[in-house]
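A quick write-up on the structure given underneath.
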Amino acid sequence: NAGVTQTPKFQVLKTGQSMTLQCAQDMNHNSMYWYRQDPGMGLRLIYYSASEGTTDKGEVPNGYNVSRLNKREFSLRLESAAPSQTSVYFCASSALTGAGSQGAQHFGDGTRLSIL
Amino acid sequence: SQQGEEDPQALSIQEGENATMNCSYKTSINNLQWYRQNSGRGLVHLILIRSNEREKHSGRLRVTLDTSKKSSSLLITASRAADTASYFCAEGGYGGSQGNLIFGKGTKLSVKP
């Protein structure tokens, strides 16, 4: 009954380093998302994957890449980390409603990333 | 930014009191969702109200939706210390990228024992 699992939970990087954030869901959802949460900014969508094999940019995609590895897994990669990418990153998944709109999203507990 | 806004930004009440949070949004919605976030945790879905619904209940939660005013409210009755959290509304559009949720900035609720 894990839901959405994110790894790692915490990470400190130096400017210019790269890393991949991992996300897996066990609810057989088609859609998966990556958000970042900054103080006073709410959640902003970085990338999403409406279904296996597709990925699309969200509101703030610059500096990030994603891979939808299979239906369960959706990873987020920072190729060259910058201090402006210090944030809490959340992965989420959801099923579509009958109207083609997104239903309830299920979130992981986040990755707290600091870039020095 | 297309983000909606919650009002107030912060709310402090005593246990047993009711808490009301408001959300204004900007797009044409298919549904409006409310989420709770406890400190250090991910968001948890509370309730979804469709655009053709005006009111919905779930336990101590009551959500209203006024599409003419593009606003929604979340009422928590008989609040408990465990209700202390941030609450977010999220607009759900129609299909494709428009179906992605747009989250507000949240209301921070503090319930004092």
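Using only the C-alpha atoms, the convex hull of segment B:46-110 corresponds to 98 Å³ per residue. Exceedance of the 22 Å cut-off in Cα-Cα distance is limited, within the set A:57/B:69; B:70/B:105; B:26/B:105, to A:57/B:69.
About the Cα centre of chain A, what is the dipole size in debye to 20, counting +1 per Lys and Arg Cβ and -1 per Asp and Glu Cβ, all else neutral?
On the way: 10 positive and 8 negative charges, 38 e Å.
The calculation lands at about 180 debye.
Label positions at residue B:54 and residue B:67, each projected 7 Å from the Cα along the C-beta direction, are separated by 1.3 nm.
Inter-chain Cβ neighbour count for B:33-45, averaged per residue, equals 5 (cutoff 10 Å, partner chain atoms only). Kirkwood Rh, chain B, all Cα pairs: how many Å? 14.0 Å is the Kirkwood radius here.
With a cut-off of 8 Å between alpha carbons and a minimum separation of six or more residues, what is the relative contact order of segment B:1-89 in percent?
Details: 162 pairs, mean separation 30.5, N = 89.
Taking the mean separation of contacting Cα pairs over the length of segment B:1-89, I get 34 percent.
What number, in nm² with one decimal, is the all-direction average of the projected area of the convex hull of the alpha-carbon atoms of segment B:1-63? Present the calculation step by step, with values, prior to reporting the outcome.
Numbers: hull surface 22.3 nm².
Over all viewing directions, segment B:1-63 projects a mean Cα-hull area of 5.6 nm².
Distant-in-sequence amide contacts of residue A:47, defined by a placed amide H-H separation under 5 Å and a gap of 5 or more residues or a different chain, comprise A:34, A:58. Amide H contacts for residue B:46 (H built 1.01 Å from N in the peptide plane; partners 5 or more residues away or on another chain; cut-off under 5 Å): B:34, B:35, B:36.
Rank A:14, B:112 by accessible area, highest first, at a 1.4 Å probe radius? List each step's numbers first, then the result.
Working: A:14 140, B:112 100 Å².
If we order A:14, B:112 from most to least accessible, we get A:14, B:112.
A DSSP coil position with no more than 12 other Cβ atoms inside 10 Å describes the following trypsin sites (Lys or Arg not before Pro) in segment B:39-105: B:54, B:69, B:80.
With r as the distance between the Cβ atoms of residue A:69 and residue A:12 and R0 = 25 Å, compute the FRET efficiency 1/(1 + (r/R0)^6) and round to 0.05. Present the calculation step by step, with values, prior to reporting the outcome.
Working: r = 25 Å, r/R0 = 1.01.
Step by step, r from the Cβ atoms, then E = 0.50.
Just to be sure I understand: if I project the alpha-carbon convex hull of the protein assembly as shown onto a plane and average over all orientations, what area do I get in nm²?
Working: hull surface 48.8 nm².
Computed as one quarter of the Cα hull surface, the answer is 12.2 nm².
The values are calculated or read from the model by the stated rules, or taken from the named source; none is laboratory data. All values reported here derive from a predicted model rather than from experimental measurement. Methodologically, a virtual Cβ is constructed for each residue, glycine included, from the backbone with ideal geometry; neighbour enumeration extends over all protein chains shown. For the accessible areas, the whole protein counts, side chains as well, though only heavy atoms, and no ligand, DNA or RNA atoms are used. Shrake-Rupley method; radii C 1.70, N 1.55, O 1.52, S 1.80 Å.
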